[in-house]
Every structure is written in structure tokens, then in C-alpha cells.
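Below: the structure, in C-alpha cells.
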Amino acid sequence: MSDLITPANLSHLHLLINHFPTVGLIIAFLLLVVSIVSNSDAVNDNTMKPTALGVLFGIAVMTLPVFTTGLAAEGAIEKLPGISQPAMTAHEDSALLAFIVLELAGLAAWLGLWRWRRTRRVPPSLTFITFVLAALSLGFMTVAANIGGAIRHPEILGDPKAEVARSMFSVSSAGVAFFVNGPGHQWVWPALESAHFVGMTLWFGVLLLANLRLMGWFTAIPYPALHRLLPWALLGFGVNEISGMMFYLATPKGYTTNVMFYWKLMFLLLAAADLLYLTVWPAAWKTETGTVTHVRERAIGAVALVSFVAVMYCGRMLPFLGNSF
Amino acid sequence: MTVLHDSAFSTWLREAETVWAFPTVLTIHTFGMMLLVGCAWLVDLRLLGVARTIPIGPLRPLFRIMWFAFWINLATGILLFIADPERKATSLLFGFKLLLIIINLPLLIRLERAMYGESPEPKEVAGRTRQLAAASAMLWAGTIFAGRLLGYM
């Protein structure tokens, strides 16, 4: 795989998968709107709403590799003629804001799904919060995408400089980098690393027990009881996404040029898919005391546990394999 | 310590140009950490009132996993010490990490005894057991922080 990690390939990858948080987000948002409007049953939610929430969660997760390949693409094209550097910086900063709001929307969507699994109903407050956050992130994503297009096609914007200056819908990724790596901030990186290990451990513990149950161990525990632990896995995910993104923004080139980072992202997507599976999978929910599970759940559990250990392995090996740091 | 530091094995662990030396030992140590503390936090969370519908009895195998992971980490921890004995032996942070573990191990044993000592399964988790769980969970968090910060001393 290491010979695939060339700047040109990574730019191409960024241009391919950026459709998840743009086109994909529009589809997820429309699904959510239709599910809200069409829902006539006040007691049970139709299946459309959890579907919309699941798609939204998936897009929020998929946006991680989209954001991280973005800085790889920047490294690939920044020296080419005709590239607008201010547009590139503005694209990165507006994409960061859109990314943050989309992750919050993904979190709200996940909470809604988790509640739906237990009660067959998404609380209206969570539906509302998810709707607002998804709408906001769609708006910010449109700004980011628009400026992104102008990197190669400045003619899109009437006056690129003015347009970029006007995009107040952004947060400063340079500011994050300064906080993590700036002079006098030597304590920040080690503290974030410690938090990253705590988050990993929390997520792993929940994932281990829940998957082992579905693989046929701990049969005296009904799965719905373990379902209550899942928010703690999501807390670990959240802590690690925040700390991980801060590492990434502080030293992007240490990651974008390292093959282990891309392996880590791939396994991370599998681990996140497992979290969605543990949250909504019908066969899992029906696993009561003493119920023996199907070979399908055993296979999924095995893949998930191996993937999570692989995420840890790739992350731990970042400084030793590849060329980071 | 200097003799240990200059021994062939210590030098190999520390300086060998292969991922099978220091990086692999460190990664196995990290794996043991997430296995041991991950399971410990599950038990602690349950005792502290999270997911109360999980029956406590069937959780007992988690303690076997914890001890398995503990021995892995004792072994890899000794190897990591051998790789860098002079700085570790004089490091306050390293001493602090050891202290946290030495306090926590008896808590782990007492926790298992409190949960499974009396039959049948108690309906309520005793307040004292909850305090043990809270203390143990925080000590594990402190151990992770101290261990991770050791990499930056």
C-alpha cells in the first residue's frame, strides 16, 4: 500500500470521497426531513427516521478521511502554478468548522438511534437537535465546498480575495496547531496523548464485552443490558476524535505521508461501523439470556475486535513504521 | 543500573533497528493496558450504577482477563524497564506509576471478593464496594496518565 501513498493519489482520493459530506449529506438531510414530515404515528417511529440517522452517522464518520486527505492534497498541489493559497487556507478553515458541526450532528444522530433501539422512538428533542445541526453543517459544508472548488477554478468566485475574506464561517486550524504545538505549550501534546489512551481503553472495553456476548460468550447476560454501556464507547470515540484531530492539525505532514495512518483510518472506519452495528442490529437486540448467536455475529465480532486492535497497532507504530516524526 | 543499561540485551531492546525490539514490546504493553483497564472500567462502571440490568455474577470472567493482561504487562513492563533502566530508576513519575499500581492491585482483589465472596448474588451493591470501584477506576486512569507521560520525560 505504501506505493499508493503519493501526493497525486491522495489528491484524487480527496476529490473522490469529498462527495460523502457534500452530496451524501444532502441525501441524509432530505431523508431526515421526509422522515419527520411523514411520521404520523406518535408512538412508534417509522423505519425511515432511524435509517436517516444511521446514514447521517455514517457520513459523519466518513468525513474523517475526507478531512485528513484534504491536507495531503494541499501538500500535493500547493507549489503548482495557478493555485490560490488564500483559497486553500480558507477552504481548510471553513471545512474544519463544517466538520466539527457535522460530527456533532453525527453524535446527536447516534444518540437518537440508541434511544430508538430501546424504545422504538427517537425523542423529539433529539430529532430536532439533529435536524438543526445537520442543517447548519450542510450550510457550512456548502461554503467549504464552494471555496474548495475555487482552489483550482478561481473564476468560480467573482473576486476570490473578497470572497475568502467574507467567509466568516470558519475556525482557525492554525490556531489549533498553535495551541497544541506553540511555544510554552509543551504540556498540551502529552496531556492529549494521555486522554487519547483513556478514550481508547474506554471504547475497547465496551466493544470487547458487547462483541464477546454476540459471539457466544457471557451467555448469562442479555444483550439489551449491555446496550446501556454503548454511550461510554461513544464517549471514548469522541475524546479520541478530538485529541486525534488536534494531533493531526498540529503536525499534518507527520500523518499524511505515513502509510500507517491510512491503515489506521481504514480500520477505524470498521470499528465505527461495529459501533453502529452494536447500536441497531436487530439480531443483537434480540439476544436474550442464554440465546446462542449465529455464525454471522461471530464473524462480525471477530472482524471488529481485530480491527480495533489494528487501529491501536497502527497508531502506536506511527513513530516507528513509515516515516512519521 | 549502569551495568544493566550497558548489557547486550538492554542495548538491543533500546537500539536495534527493527520494529521487533522496543516498538513491539511497547505495543504489546499498550494492548495489555487496554485489555486490563478496559475490563476493569466495565466492572467499575457497573458497580457505580451504570447499566444496572447487567447481572453481576456472569461478569466474573472479566477478572480472569484482567489478570491475564496484568501478567502480560508486568512482563513487557520489565522489558521496557531493562531497555531504559537508568532514567526509569531515578524517575519520580515512574515511581508514582508503580505506586498507583501497587495500591490498586489489592483493591482489585478486594473488589472481586466483595462481588463474588458471598452467595447468592446480592441485590444491592454495597456502598463500600462502590467506593472501592470508584477508587480503583481513578487509580487506573492515573496509571494510564503517568505511563503515557513517561514517554515525554
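What follows is calculated from the coordinates using simple rules that are stated; it is not laboratory data. Worth saying up front: this structure is predicted, and the values here are computed from it rather than measured. Note: ideal-geometry Cβ built from the backbone for every residue, glycine included; neighbour counts use all protein chains shown.
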Please report, in debye to the nearest 20, how large the charge dipole of the protein assembly as shown is about its Cα centre when each Lys and Arg carries +1 at its beta carbon and each Asp and Glu carries -1 there. 1400
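Could you work out the relative contact order of the range A:172-325? I mean the mean sequence separation of Cα pairs under 8 Å and 6+ apart, divided by the number of residues, in percent.
Values: 175 pairs, mean separation 51.2, N = 154.
After rounding, I find 33 percent.
Enumerate lysine pairs in the protein assembly as shown that are 8 or more residues apart or on different chains, then count those whose Cα atoms are under 25 Å apart.
Eligible lysine pairs with Cα atoms under 25 Å apart amount to 5.
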Assuming a viscosity of 1.306 mPa s and a temperature of 10 °C, what translational diffusion coefficient in µm² per second does Stokes-Einstein assign to the protein assembly as shown, Rh being the Kirkwood radius over Cα pairs? 65
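Before anything else, pin down the relative contact order of chain A: Cα pairs under 8 Å, at least 6 apart, normalised by residue count, whole percent.
Values: 423 pairs, mean separation 59.7, N = 325.
Once normalised by length, the contact order is 18 percent.
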Between B:Leu93 and B:Trp71, how many nm apart are label points set 7 Å from Cα along the C-beta direction? 3.1
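Looking at the range B:1-106, which trypsin sites (Lys or Arg not before Pro) are DSSP coil and have at most 13 other C-beta atoms within 10 Å of their C-beta?
On the way: sites: B:Arg14, B:Arg46, B:Arg52, B:Arg64, B:Arg87, B:Lys88, B:Lys97; in loops: B:Arg52.
Within the range B:1-106, the qualifying trypsin sites (Lys or Arg not before Pro) (loop, at most 13 other Cβ atoms within 10 Å) are B:Arg52.
How about the range B:75-153: which chymotrypsin sites (Phe, Trp or Tyr not before Pro) there lie in a loop by DSSP and see at most 13 other Cβ atoms within 10 Å?
Working: sites: B:Phe81, B:Phe94, B:Phe96, B:Tyr116, B:Trp140, B:Phe145, B:Tyr152; in loops: B:Tyr152.
In loop regions of the range B:75-153 (DSSP not H, G, I, E or B), the sparsely surrounded chymotrypsin sites (Phe, Trp or Tyr not before Pro) are B:Tyr152.
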How well do other chains shield peptide B:132-145, expressed as the mean number of their Cβ atoms within 10 Å of each residue Cβ? 2
Shielding score for A:223-234, defined as the mean number of other chain Cβ atoms within 10 Å: 3
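Which helices, taking whole DSSP H runs in chain A, have alpha carbons extending 20 angstrom or more along the helix axis plus mean Kyte-Doolittle at least 0.0? Before the final figure, lay out the partial values.
On the way: long enough: A:48-77 (42 Å, 1.34); A:85-119 (50 Å, 0.42); A:124-152 (43 Å, 1.44); A:188-214 (39 Å, 1.17); A:230-250 (30 Å, 1.15); A:259-280 (33 Å, 1.74); A:295-316 (32 Å, 1.08).
Helices passing the filter in chain A: A:48-77, A:85-119, A:124-152, A:188-214, A:230-250, A:259-280, A:295-316.
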Globularity index of the range A:96-153, i.e. its alpha-carbon radius of gyration over 2.2 N^0.38 Å: 1.40
Hits in the range B:75-114: amide N under 19 Å from the 7 Å Cα→Cβ extension of B:Tyr152, namely B:88, B:91-98
State, as an integer percentage, the relative contact order of the range A:1-169 based on alpha-carbon contacts under 8 Å between residues 6 or more apart. 28
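With a 10 Å radius around each residue's Cβ, average the other Cβ atoms per peptide and rank A:126-133, A:144-151, A:80-87, highest first.
Numbers: A:126-133: 19.4, A:144-151: 22.0, A:80-87: 13.0.
Highest-to-lowest ranking by the protection proxy: A:144-151, A:126-133, A:80-87.
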